[in-house]
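The values are calculated or read from the model by the stated rules, or taken from the named source; none is laboratory data. No experiment lies behind these values; they were computed from the predicted model shown. Glycine gets a Cβ as well: all are built from the backbone with ideal geometry, and neighbour counts include every protein chain shown. Surface accessibility is based on the protein's heavy atoms, side chains included, excluding ligands, DNA and RNA. Shrake-Rupley method; radii C 1.70, N 1.55, O 1.52, S 1.80 Å.
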Amino acid sequence: MPDSPEFLSSAVRRLIRGEAVAYPTETCYGLGVRADDPDAVAFLRRLKGRGDSAISLLIPGPERLEEWVAPLKEAERRLIARFWPGPLTLLFQALPDSPVAHMAQPLLGFRCSSHPVAQELAKAAGLPITSTSANESGILRAPGEAQARAFLAPHGVSVLPDPDGLCREIESTVATLADGNLRILREGAISAEEIKKTLEESR
């Protein structure tokens, strides 16, 4: 994380105000707004040209998950224990009365990044943050810092640096066990085989 506490607190203040902040993860750069603010999420969609497609959330850990999603299955807990923090986005059934229920379609993805900048931002903000890629929708390349800055500079969006160069410019793997069966929706940094092996070994 940048040495200056002000760097982090400034990003958190932006998020609280409903503004966007770009941040590095161990996969690609993410674009965050506070997910419990529908107006902030609407701004994010306009910025990316995203439409109504699903957007996942960044959280510092699984501790508050059950405030937002249905009770976790044992298999979901095993994947969390094995791959979080890390490049796995898991989709869960959202609780209808949670402050992020408006994001669900009907499933809602959550990501716990191992990147120290993303971790510190999520902890300091104390609220769920969106975790969509920091580029325009339809762009296939996973964005690094240079791509995020080029896209967001004209919009005045703050971009947190990646001081240790940990961003790999790839995508996270997206999976769900919401219906009791494993579905890999996108294979990225973690292979489908590795996920299946983890579930089989835990039986």
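Brief remarks follow.
- Accessible surface of Thr173 - all protein chains present, 1.4 Å probe, nearest 10 Å²: 0 Å²
- Efficiency of FRET between Gln93 and Ser10 - r from beta-carbon atoms, R0 35 angstrom, step 0.05: 0.50
- Its residues counted as N, the chain yields a C-alpha radius of gyration over 2.2 N^0.38 Å of 0.96.
- Rounded to the nearest angstrom and listed largest first, the equivalent-ellipsoid semi-axes of the range 130-203 from its Cα gyration tensor are 32, 14, 10.
- Scalar couplings 3J(HN,Hα) for the range 81-92, obtained by applying the Karplus form with A = 6.51, B = -1.76, C = 1.60 to θ = phi - 60°, are 4, 7, 10, 9, x, x, x, 10, 9, 10, 9, 10 Hz; x denotes Gly and Pro.
- Within the range 113-168, trypsin sites (Lys or Arg not before Pro) in DSSP loop having at most 15 other beta-carbon neighbours inside 10 Å: Arg141
- Percent carbon-and-sulfur accessible area, the range 1-81, ignoring ligands, DNA and RNA, probe 1.4 Å: 53 percent
- Residues whose amide H lies under 5 Å from that of Leu57, counting only those 5 or more places away or on a different chain, are Gly109, Phe110, Arg111, Ser131; hydrogens are built 1.01 Å from N in the peptide plane.
- Anchor Lys73: lysines whose Cα lies under 16 Å away (excluding residues fewer than 8 positions away in-chain): Lys196
- Stretchable slack from Ile139 to Glu169, in nm (0.36 nm times residue separation minus alpha-carbon distance): 9.5 nm
- Global form of the range 46-93, assessed from the alpha-carbon gyration tensor, a/c cut-off 1.5: prolate
- Local electrostatic count, Leu72, Cβ distance below 15 Å [Lys/Arg +1, Asp/Glu -1]: -1
- Antiparallel content of DSSP bridges confined to the chain, in %, to 5: 70 percent
- Using θ = phi - 60° and Karplus 6.51 cos²θ - 1.76 cosθ + 1.60, couplings along the range 31-45 (whole Hz; Gly, Pro as x): 10, x, 9, 6, 6, 8, 10, x, 5, 5, 5, 5, 4, 4, 4
- Summing charges over neighbours of Leu15, with a neighbour being any other residue whose Cβ is under 10 Å away from its Cβ, gives +2 when K and R count +1 and D and E count -1.
- Only protein heavy atoms count here; under a 1.4 Å probe, His155 has an accessible surface of about 100 Å².
- Cα-centre dipole for the chain with unit charges at Cβ (Lys and Arg positive, Asp and Glu negative), debye to 20: 280 debye
- Note on the chain: dipole from Cβ charges, positive end direction compared against Gly109, Leu127, Thr27; the farthest Cα belongs to Gly109.
- The value of relative contact order for the chain, using C-alpha pairs under 8 Å at least six residues apart, is 30 percent.
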